[in-house]
Structure formats: C-alpha cells, structure tokens
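The structure under discussion appears below in the form of structure tokens.
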Amino acid sequence: MWDERYKSEGYAYGTLPNDFLVEYKDSLPKGKILSLAEGEGRNAVFLAKQGYAVTAVDSSAVGLEKALDLASVANVSIECVHADLLDFDFGENCWDGVISIFCPLPSEVRKAVHKKVEIGLRAGGVFLTESYTPDQPKYGTGGGDCIDTMQSKASLIQEFPHLQFSHLAEVERRIIEGVYHTGLASVVQAIGYKKT
Ligand SMILES: C[S@@+](CC[C@H](N)C(=O)[O-])C[C@H]1O[C@@H](n2cnc3c(N)ncnc32)[C@H](O)[C@@H]1O
C-alpha cells in the first residue's frame with residue numbers, strides 16, 4: 001500500500017517537517033537519531049539540516065528513494081534502511097534520539113517495536129513521537145480508521161516503562177501535511193528521556 005501511495009507524483013505528506021518535531025527539536029540531544037517509518041524523508045531531512053546524523057527506516061523502498069532525493073536537493077546526507085521495523089536491529093544503548101511521527105503499526109507489532117526503542121536508546125536519550133489517537137476516525141482528516149494502530153497517553157505510558165516523560169499530551173490540533181493529513185485532528189504527543 002505505501003509503495004503505491006508514494007509512486008504518485010509529489011510528496012504524499014509534503015516536504016515540510018512535522019510541526020511538533022519542529023517545535024520540540026531542541027529536546028533531541030545532538031548526535032545519532034533513528035527515524036521510524038520515515039516515509040519520504042521530510043522529517044529526516046529536517047533533522048539532518050539541524051546537524052543530526054539521521055538513520056531513516058521504512059518498509060517502503062519507493063518512499064526511501066524519494067527521501068534520498070529530498071536529501072540530495074537539500075544538500076544533506078541521511079542513511080536510509082529499507083526494513084520492516086520488526087526485523088530492524090535497533091542495537092543497544094546507541095541512539096541519542098528516536099523519532100516516530102505517524103507510525104501506524106498494529107498494536108502487537110508496536111509494543112515489540114517500542115521495547116526495541118527503549119533498549120536502543122542510550123541513557124538520557126530521547127524518544128519523540130506524534131501519533132493519531134483512537135478518536136481520530138471521528139475527525140476523518142487522515143490516519144484511516146484502524147483504531148488498533150492508534151495511540152494514547154495510556155498506551156505510551158504502558159509501553160515505555162523506562163522513559164521519563166517531559167511532555168505527554170493528547171491534543172486537538174490542525175494538521176495539514178500533504179494530501180493525506182488534512183485538518184483538525186486528535187493526536188497524542190510525547191517526549192520521553194531514557195532513565196539513567
Ligand atoms: C503515515 S506514513 C508516515 C510517514 C512519515 N513518518 C511522515 O510523517 O511523513 C506511515 C509510514 O509507515 C511505514 N510503515 C508502516 N509499517 C511499517 C513497518 N512495519 N516497518 C517499517 N515501516 C512501516 C510506511 O511505509 C509509511 O512510510
């Protein structure tokens with residue numbers, strides 16, 4: 001499905017970075033950032049422009065090709081890894097930050113991936129995420145209607161026992177990102193530090 005979506009002309013979620021990431025980018029320690037489900041590169045390229053060393057993982061080869069094009073146009077480098085997040089080796093205690101912007105995984109897969117995020121972050125490393133909540137299908141402005149892939153404050157608290165959250169909020173906000181995120185939406189946002 002994602003390859004098909006990304007085969008269309010243009011960038012499905014636009015070329016501008018996610019607003020929450022832009023606002024809170026300084027929460028991410030300088031260094032190595034892993035971007036989960038990066039898609040066509042808008043967030044990875046933004047972080048690379050800020051001086052981060054970004055590794056972008058996605059299961060869509062078409063999306064990652066476009067991410068490399070976007071990086072080339074912006075004159076920055078990003079590393080792209082074509083992999084399913086379930087198979088990708090996150091390593092241990094090695095990432096300064098991990099971002100996950102609209103990463104719609106089935107909850108059982110997500111729980112396994114979130115465990116790998118906690119193990120992969122170094123002590124003091126930061127996880128930053130924005131995701132639709134289970135209320136989002138009522139808004140009809142993006143994210144589909146599969147509630148199982150959506151997240152909440154409660155699910156994040158449960159899935160990240162080793163993070164200390166400095167920001168954790170469910171908010172209604174206007175999200176215009178390309179042609180698939182199209183208006184007022186219900187999202188959960190989080191920034192969490194791996195406890196030392
Ligand atoms: C809604 S798009 C968001 C893309 C990007 N994060 C953004 O905000 O522009 C969701 C992305 O998740 C990726 N994805 C879905 N399931 C995945 C999985 N199991 N492993 C890796 N990537 C996955 C898709 O290929 C797609 O690029």
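Any read-out appearing in this document is the output of simple, stated calculations on the displayed coordinates, not a laboratory observation. These numbers were taken from a predicted model, which means no experiment stands behind them. Note: ideal-geometry Cβ built from the backbone for every residue, glycine included; neighbour counts use all protein chains shown.
Among the conditions (1) surrounded by fewer than 22 Cβ atoms within 10 Å (Cβ to Cβ); (2) outside any helix (DSSP H, G or I); (3) charged (D, E, K, R), the only one that LYS111 does not satisfy is (2). Checked against (1) part of a loop (DSSP other than H, G, I, E, B); (2) buried (at least 19 other Cβ atoms within 10 Å of the Cβ), SER131 passes all but a single condition, namely (1). Pairing residues of the range 174-196 that are aromatic (Phe, Trp, Tyr) with residues that are surrounded by fewer than 20 Cβ atoms within 10 Å (Cβ to Cβ) and in a strand (DSSP E or B), at Cβ distances under 7 Å and at least 6 apart in sequence or on separate chains, gives TYR193/GLY124; TYR193/GLN164; TYR193/SER166.
Residue-by-condition table, conditions (1) out of contact with any helix residue (DSSP H, G or I) (no Cβ under 7 Å at 6 or more places or on another chain); (2) near the ligand (Cβ under 9 Å from one of its atoms):
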position	(1), (2)
SER60	no, yes
ALA67	no, no
ALA71	no, no
VAL76	no, no
VAL81	yes, no
LEU86	no, yes
ASP96	yes, no
PRO104	no, yes
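Is there a residue being in a loop (DSSP other than H, G, I, E, B), small (Gly, Ala, Ser), within 13 Å of the ligand (Cβ to nearest atom) and out of contact with any Ser or Thr (no Cβ under 9 Å at 6 or more places or on another chain) anywhere in the range 144-166?
We begin by selecting, within the range 144-166, every residue in a loop (DSSP other than H, G, I, E, B); these are 144-146, 150-152, 160-162.
Cutting the leftovers down to small (Gly, Ala, Ser) gives us 144, 152.
This time we only want the ones that are within 13 Å of the ligand (Cβ to nearest atom), so: 144.
Checking the rest, the ones that are also out of contact with any Ser or Thr (no Cβ under 9 Å at 6 or more places or on another chain) come to 144.
Scanning the range 144-166 turns up at least one residue that is in a loop (DSSP other than H, G, I, E, B), small (Gly, Ala, Ser), within 13 Å of the ligand (Cβ to nearest atom) and out of contact with any Ser or Thr (no Cβ under 9 Å at 6 or more places or on another chain).
May I ask you to verify whether ARG5 is outside any loop (DSSP other than H, G, I, E, B), among the basic types (Lys, Arg), under 23 Å from GLU177 (Cβ atoms) and within 16 Å of the chain's Cα centre (by Cα)? Against the criterion (outside any loop (DSSP other than H, G, I, E, B), among the basic types (Lys, Arg), under 23 Å from GLU177 (Cβ atoms) and within 16 Å of the chain's Cα centre (by Cα)), ARG5 does not qualify.
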